[in-house]
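Have a look at the structure below before the remarks.
Where a number appears in this text, it was derived from the coordinates with a stated rule and is not lab data. Here the structure is a predicted model, which is why all the values come from computation and not from measurement. Ideal geometry is used to build each Cβ from the backbone, glycine not excepted, and the neighbour counts take in all protein chains shown.
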Amino acid sequence: MADKLIIFDTTLRDGEQSPGASMTRDEKLRIARQLERLRVDVIEAGFAASSNGDFEAVKAIAEAIKESTVCSLARANDRDISRAAEALKGATRARIHTFIATSELHMEKKLRMTREQVLEQAKLSIRFARNLCEDVEFSPEDGYRSDPDFLCRVLEAVIKEGATTLNIPDTVGYAIPELYGNFIRDLRERVPNSDKAIWSVHCHNDLGMAVANSLAGVKIGGARQVECTINGLGERAGNCSLEEVVMAVRTRRDHFGLEVGIDTTQIVPASRLVSQTTGFIVQPNKAVVGANAFAHASGIHQDGVLKARDTYEIMRAEDVGWSANKIVLGKLSGRNAFKQRLQDLGIALDSETDVNAAFARFKDLADRKSDIFDEDIIALVGDESVTHEREHFRLLSLAQRSETGERPHAQVAFAMGEAEHRAESDGNGPVDASLKAIESKVQSGAEMLLYSVNAITSGSTESQGEVTVRLQHGGRVVNGVGADPDIVVASVKAYLAALNKLHSKTERVAAQG
Ligand code: KIV
Ligand code: ZN
């Protein structure tokens with residue numbers, strides 16, 4: 001029997017730390033359910049002590065998820081660890097993941113602690129955590145840039161205190177595959193009790209090598225857990241991408257000789273859900289989940305694939321969840337067909353009220369667009385108005401005029417709480433005019449960091465436009481996403497979605513602060 005490689009997903013914790021990617025409790029719960037369908041072994045659901053919002057999200061996920069272990073991050077102190085344990089109380093299988101920095105730079109400049117103090121703190125924290133939870137993971141933050149002699153002392157000590165998983169982060173994405181692999185192997189060889197714990201890799205992508213480094217940590221170093229995120233979501237250049245690492249180990253089983261428990265057909269639905277929830281678009285040429293990942297454009301390739309698929313394809317699109325027949329529903333489709341399609345796509349709405357709201361929007365869309373694709377359904381379900389009917393800002397109607405040689409003009413009616421407002425403005429274009437009209441009433445003062453439009457389904461101008469708007473205000477960065485066949489409407493929806501996020505009082509502290 002081949003060894004198993006544990007897949008630890010941290011989309012909801014490290015991925016969420018990406019500016020603008022913060023998610024509501026319900027959004028996190030929906031993604032956690034998809035991660036469970038994907039059969040990830042461990043879901044890092046958040047950082048319970050960082051905010052009440054994150055505590056509630058970890059708690060809800062711990063109560064809902066039955067198949068995967070649910071984990072919360074905690075700094076190496078009693079308060080954080082107790083908060084994590086409390087949030088995880090309802091979990092079928094729980095893990096506490098505690099960390100403290102061990103590199104000279106972090107200890108001296110950030111923690112202002114000596115080596116001996118860090119060592120002591122690490123030991124005390126693991127002892128404390130083990131009294132609350134059987135399954136305890138320890139991470140020496142900035143581990144890869146730490147002095148190996150000191151790191152070995154810390155790791156040996158925390159294993160003695162009962163740590164069950166040791167995770168060695170390349171926190172700043174500084175590693176090179178061969179060196180990182182050797183680093184993990186050397187630690188495992190030098191720590192006398194290393195066989196008492198599972199070794200894990202956690203790589204950031206600053207030099208574009210997070211996946212390669214993680215795989216080297218597995219192959220050369222002997223790690224048996226990989227920490228990763230859907231679409232490689234994460235701060236700066238992101239984390240190791242789950243879909244790439246899983247498909248590498250699967251496709252090159254001859255090389256790795258490892259089993260992964262992932263249901264790969266759930267990869268693309270997971271990728272779309274994360275992208276549509278966070279507004280972080282997947283680049284078209286992204287491995288496995290990019291729109292072009294299986295598209296053969298050149299005549300030679302097309303010819304080859306038609307004659308024998310494996311001439312140019314090392315994976316099958318359907319094995320990672322790209323459905324072969326994408327046209328799914330139309331305006332004559334009924335509620336049952338719609339519900340069935342939601343199920344096939346792995347979308348579980350929380351209540352019949354949510355299904356009804358989604359179905360009403362589906363009918364509305366089908367009136368305007370003849371073919372409804374899977375992507376349309378996912379966008380529709382991701383639309384905040386389906387699941388959060390009482391959002392503070394809601395679009396009521398939009399009229400805009402643009403004509404060659406004339407300055408575009410927009411009139412927008414929207415709800416702000418219980419009150420209805422009408423606003424109008426000129427602008428450089430119809431989108432600019434519409435957003436300026438809203439801003440003239442709302443006066444959020446938010447700075448727009450990003451505006452992007454993407455066709456949800458490629459190949460035709462009949463596609464819905466999906467717009468992402470990123471706003472910054474008062475030290476917070478939020479993303480709003482909106483979809484509609486009319487890109488001006490999609491833009492207004494995205495803008496209001498971002499304002500709703502700014503309006504919600506969810507506050508956070510940085511996990512590595
Ligand atoms: O990158 C990092 O060091 C982390 C730790 C908190 C595990 O995310
Ligand atoms: Zn990290």
Which residue, chosen from V431, Q283, F150, occupies the Cα position most advanced towards the positive end of the dipole of the chain, where the dipole is computed from +1 (Lys, Arg) and -1 (Asp, Glu) charges on Cβ about the Cα centre?
F150
By the Cα gyration tensor axes a ≥ b ≥ c (a/c under 1.5 gives rounded; else a/b larger than b/c gives prolate, otherwise oblate), the shape of the range 104-248 is prolate
Applied in sequence order to the range 399-407, the curve 6.51 cos²θ - 1.76 cosθ + 1.60 (Karplus, θ = phi - 60°) yields integer Hz couplings, x standing for Gly and Pro, of 10, 9, 10, 9, 8, 3, x, 10, 7
Rounded, prolate or oblate, given the Cα gyration tensor of the range 335-378, with a/c below 1.5 counting as rounded?
oblate
About its Cα centre, what dipole magnitude does the range 3-278 give when the only charges are +1 on Lys and Arg Cβ and -1 on Asp and Glu Cβ, stated in debye to the nearest 20?
360 debye
If you restrict to DSSP beta bridges whose two residues both lie in the range 3-278, what percentage is antiparallel, to the nearest 5?
5 percent
Loop sites in the range 1-95: trypsin sites (Lys or Arg not before Pro), DSSP, at most 13 other Cβ within 10 Å
K66, K89
DSSP beta bridges in the chain: the antiparallel percent, rounded to 5, is 50 percent
Can you give me the P(r) profile for the range 214-338? Cα pairs, bins 10 angstrom wide beginning at 0, each as a whole percent.
11, 35, 33, 17, 4, 0
Using mean Cβ contacts within 10 Å as the protection proxy, how do 417-429, 196-208 order, highest first?
196-208, 417-429
Give me the one-decimal Kirkwood hydrodynamic radius in Å for the range 3-278, with the sum taken over alpha-carbon pairs.
18.2 Å
Mind pulling the per residue volume of the convex hull built on the Cα atoms of the chain? Å³ is fine.
163 Å³
Using only Cα atoms, what is the ratio of the radius of gyration of the range 420-495 to 2.2 N^0.38 Å?
1.14
Check: the chain dipole with +1 on Lys, Arg Cβ and -1 on Asp, Glu Cβ, in debye:
540 debye
